[in-house]
Amino acid sequence: MQRIAGVRKDLLVEAHGSFATASCVECSEKHTHEFVREKVFVDELPHCTKCQKGLVKPDIVFFGEALPQRFHMYVLNTIVFPSTLQFLVPSV
């Protein structure tokens, strides 16, 4: 929702990742979400085009996986005001 609303990427911290990008689980090569979508919609597994052996998964956090490093970098420096749902984020 934040991406669609136009929030700049450098201001966006996606705690549970995003379907907007995907990476190989073996070599971490980045792939587009279109690449994954094309494979899935024809019932194929998305294999990495670089290493040829790893599967490509969306850059989302599954149960039991660690949250992204970017989340931990910013969560301790962010103050949330619950009554107004406003965030005070230090300048980057």
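The values are calculated or read from the model by the stated rules, or taken from the named source; none is laboratory data. Worth saying up front: this structure is predicted, and the values here are computed from it rather than measured. So basically every Cβ, Gly included, is an ideal-geometry build from the backbone, and we count neighbours across all protein chains shown.
Taking the range 41-71 only, how many residues are part of a loop (DSSP other than H, G, I, E, B), at pLDDT 90 or above and surrounded by 14 or more Cβ atoms within 10 Å (Cβ to Cβ)?
Taking the range 41-71 as the starting set, the residues that turn out to be part of a loop (DSSP other than H, G, I, E, B) are 42-46, 48-54, 61-68.
From what is left, the residues that are at pLDDT 90 or above are 42-46, 48-54.
In the following step, the residues that additionally are surrounded by 14 or more Cβ atoms within 10 Å (Cβ to Cβ) were identified as 46, 48, 50, 54.
Residues meeting the conditions: 4.
Could you pull out the residue among Glu26, Glu38 that is modelled with pLDDT of 95 or more, part of a helix (DSSP H, G or I) and of a type outside the set (Lys, Arg)?
Details: Glu26 fails: part of a helix (DSSP H, G or I).
Residue meeting the stated conditions: Glu38.
Would you please name the residue that is farthest from Tyr74 (Cα to Cα), looking only at residues in the range 14-64 that are in contact with a Pro (Cβ under 8 Å, 6 or more places away or on another chain) and β-branched (Val, Ile, Thr)?
Val40
Among what's in the range 3-36 and is touching a residue at least 12 places away in the same chain (Cβ under 8 Å) and among the polar types (S, T, N, Q), pick the residue that is surrounded by the fewest Cβ atoms within 10 Å (Cβ to Cβ).
Applying the first criterion (touching a residue at least 12 places away in the same chain (Cβ under 8 Å)) to the range 3-36 yields 3, 10-11, 13-27, 29, 31, 33, 35-36.
Checking which are among the polar types (S, T, N, Q) leaves us with 18, 21, 23.
Numbers: Ser18: 16, Thr21: 14, Ser23: 17.
Per the stated criteria, the residue is Thr21.
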